[in-house]
1. Quick check on the range 32-44. Is at least one of its residues loosely packed, with under 12 Cβ neighbours inside 10 Å and not hydrophobic (A, V, I, L, M, F, W, C)?
2. For the range 44-91, which residues satisfy the criterion of being more than 17 Å from the chain's Cα centre (by Cα), assigned to a helix (DSSP H, G or I) and of a type in the set (K, R)?
3. Would you please list the contacts, defined by Cβ atoms under 8 Å and residues six or more apart or on different chains, that run from a residue in the range 40-52 that is under 17 Å from G82 (Cα atoms) and free of Cβ contacts under 8 Å to residues at least 60 places away in the same chain to a residue that is of a type in the set (A, V, I, L, M, F, W, C) and loosely packed, with under 12 Cβ neighbours inside 10 Å?
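Throughout, read-outs are computed from the coordinates displayed, never taken from laboratory work. Here the structure is a predicted model, which means the values were calculated and not measured. Cβ placement follows ideal geometry from the backbone for every residue including glycine, while neighbour counts extend to all protein chains displayed.
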Amino acid sequence: MIRVLSFILSVAVATPLFAQTVRIEDCGYQGDVVAAVQAARVARVGEREVAEHIAGTTPEWPEKYNAIVPLVTPWVYTMKMGEVRKADLKAAWNEMCLAQE
């Protein structure tokens with residue numbers, strides 16, 4: 001009986017920790033996508049060519065994160081170039097992503 005309760009308790013404690021780890025990893029990949037879009041903007045890649053440009057760099061994130069590129073690109077491209085060059089958009093994205101519940 002004690003073993004069963006111990007197991008249930010350990011699973012109950014581990015589940016939120018696992019979920020947090022997955023969230024941190026997910027936000028990290030999203031931040032990598034934002035950084036890639038930012039780098040494309042600094043390199044003066046046209047807004048319509050960003051997805052193709054990033055795909056050509058063989059990014060290290062899982063393929064499902066490529067779907068984020070068209071969603072993030074307008075956000076980065078509406079900023080002034082001076083802001084894009086100076087800002088750490090990856091860190092800003094990570095902060096926003098991790099703050100969501």
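1. Among the residues of the range 32-44, at least one is loosely packed, with under 12 Cβ neighbours inside 10 Å and not hydrophobic (A, V, I, L, M, F, W, C), which makes the answer yes.
2. Those that are more than 17 Å from the chain's Cα centre (by Cα), assigned to a helix (DSSP H, G or I) and of a type in the set (K, R): R48, R85, K86.
3. R41/M81; V42/M81
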